[in-house]
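Every number here is computed from the coordinates shown, using simple stated rules; none is lab data. Small disclaimer: the values here were computed from a predicted structure and weren't measured. Please note: Cβ atoms are built from the backbone with ideal geometry, for glycine as well, and neighbour counts cover all protein chains shown.
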Amino acid sequence: MRHRVAHRKLGRVTPHRLALLRNLATALFERERIRTTLMKAKELRPYAERLITLAKREDDRLHARRLVLRDIHDTAVVKKLFDTLGARYATRPGGYTRILRLGPRRGDGAEMAIVELLGSEYQPGKKAEKGKKDEKSKAAATPKAKGKSEKEPKAEKGEKKGKSKEKAAEAE
């Protein structure tokens, strides 16, 4: 019987398993979305959510920060966790992560998953709009040079570069 046996061992000894969870949690908080195996994702979820709950603390923030620093050794990630992510989930009572199943991995058939923090979902529309805005602002910001003509037309498939320049010279 498996009474009071809580977590998966993931084929590792305890220190290696703890290091794995620390590294996965650090990557999750840094990138807000990671791709890993389903079993690792299921083990990461309660580990990461406990750290986010500590980051939400208002009463004893210094002690909470020190508790988180035991698990996350990157100070930049801890700063982001307390400043950005803790504020994002301040009113949420739990459930800060989402696991999306991807299917089997090609090499060994292991079930893959994406673990992401809620509020950091992929939005393709925003990136496309942002790119269009940048192109317009760049075009307006760079004035065209005086006296220079537009780019020469590209040579057709059968023509060589030298011939197209000769034709352009003849046309003038």
Residues whose placed amide H lies under 5 Å from that of Tyr89, excluding near-sequence neighbours
none
Looking at the square roots a ≥ b ≥ c of the eigenvalues of the Cα gyration tensor of the range 1-127, which shape do they give, rounded for a/c under 1.5, prolate if a/b is larger than b/c, or oblate?
oblate
What do you get for trypsin sites (Lys or Arg not before Pro) in the range 27-65 restricted to DSSP loop and a cutoff of at most 16 other Cβ within 10 Å of the site's Cβ?
Arg57
Treat every Asp and Glu Cβ in the range 14-124 as -1 and every Lys and Arg Cβ as +1, leave all other atoms uncharged, and give the resulting dipole magnitude about the Cα centre to the nearest 20 debye.
120 debye
Lys and Arg at +1, Asp and Glu at -1: add these up for the other residues within a Cβ distance under 15 Å of Gly103 and post the number.
+2
Amide H to amide H under 5 Å from Met112: which residues, 5+ apart in sequence or cross-chain, H placed 1.01 Å off N in plane?
Leu38, Leu102, Gly103, Arg105
